[in-house]
Amino acid sequence: MSESIDFVDYMIAELERRKAKNQRYSLRAFSRLLGVDSSRLSKILRRERPLSAEMIQDMGAKLNLSTPAVRRYLDHAKISQLQKRQEVGGQEPIHVSLEQLGSISDFRHYWVLELMKLTDFVPKVEYVAKKIQISKELAQVFIDNLQTVGLLKVHDDGTWEDLSHGASTDVISTNVKCAIHVSNQDQVLQLSQEALKKVSMKSRDHSSIMVATNVEKLEAARQMIKAFRRSLATFLEDTPEKNCLYQTSISLFPLTQLDSSDETIP
């Protein structure tokens, strides 16, 4: 069976392979294996229902796909979704160079783009400054930088347009220099520490768990964390009225010294 990087194509081919091997094998049997209602699976295979990253992760595991194979399907689905959003918006994909990303390394640049999703958003420097508690001068710098790199457009009528098409966090996580990525993660951790001290428990969640495991499970764990982040973001964003910004940070790191033969985690 030839390999496809589209997960729906793979499922269709896999179902046909199983039918060829067992003439009594049915869509219903396939749906039971995948843990999905048969009618929903039928719509997925006809591309009438979308597949979330979490579903690809879960179905891939039930089909005994390798971690690299699941990652390829996830990456393809992510790229396809971005392309569809850009086609609907009639926009060309945004390409930001590493040098340009360096000019917006301060994590608060991305807060400006997220602020535009709030119900009460006002395209004014004063609004940005007040919301993220910075000076109007610094807010203007962030806005200017975002325009320079092509992630934000301020129209002549005063309206703002997010040219990242909601993919600003994807830009920072997939195309950024290691040093810039480390800097952004450091900023997130500092914000988390501040919230731990200043924000009441009813408005935040800080928790952790310690486990004994095998380092070979790390890559699968990273993929599970990625799927959870996306699922949580989808849940939080699914509301008609957005009135605040929240940051999610999940850390997984060794407490014991890794053997020299183990892969160093970047």
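What is the one condition in (1) open to solvent by 70 Å² or more (accessible area, probe 1.4 Å); (2) more than 26 Å from E237 (Cα to Cα); (3) modelled with pLDDT under 85 that G102 does not satisfy?
G102 satisfies every listed condition except (1).
Quick one: which of Q140, Q147, Q133 is in contact with a helix residue (DSSP H, G or I) (Cβ under 6 Å, 6 or more places away or on another chain), open to solvent by 60 Å² or more (accessible area, probe 1.4 Å), at pLDDT 90 or above and polar (S, T, N, Q)?
Q140
Being buried (at least 17 other Cβ atoms within 10 Å of the Cβ), part of a helix (DSSP H, G or I), at pLDDT below 90 and of a type in the set (F, W, Y) is the requirement here; does Y10 meet it?
no
Among the residues of segment 212-220, is there at least one that is at pLDDT 90 or above, aliphatic (A, V, I, L, M) and either out of contact with any Asp or Glu (no Cβ under 9 Å at 6 or more places or on another chain) or surrounded by fewer than 10 Cβ atoms within 10 Å (Cβ to Cβ) (or both)?
So far as segment 212-220 goes, yes, one or more of its residues are at pLDDT 90 or above, aliphatic (A, V, I, L, M) and either out of contact with any Asp or Glu (no Cβ under 9 Å at 6 or more places or on another chain) or surrounded by fewer than 10 Cβ atoms within 10 Å (Cβ to Cβ) (or both).
Conditions first: (1) open to solvent by less than 80 Å² (accessible area, probe 1.4 Å); (2) at pLDDT below 80. Q185 passes all but one, so which condition is the exception?
(1)
The values are calculated or read from the model by the stated rules, or taken from the named source; none is laboratory data. These numbers come from a predicted model, not from an experiment. Please note: Cβ atoms are built from the backbone with ideal geometry, for glycine as well, and neighbour counts cover all protein chains shown. Remember, those area values only see protein heavy atoms, side chains included, never the ligands or the DNA or RNA. Shrake-Rupley method; radii C 1.70, N 1.55, O 1.52, S 1.80 Å.
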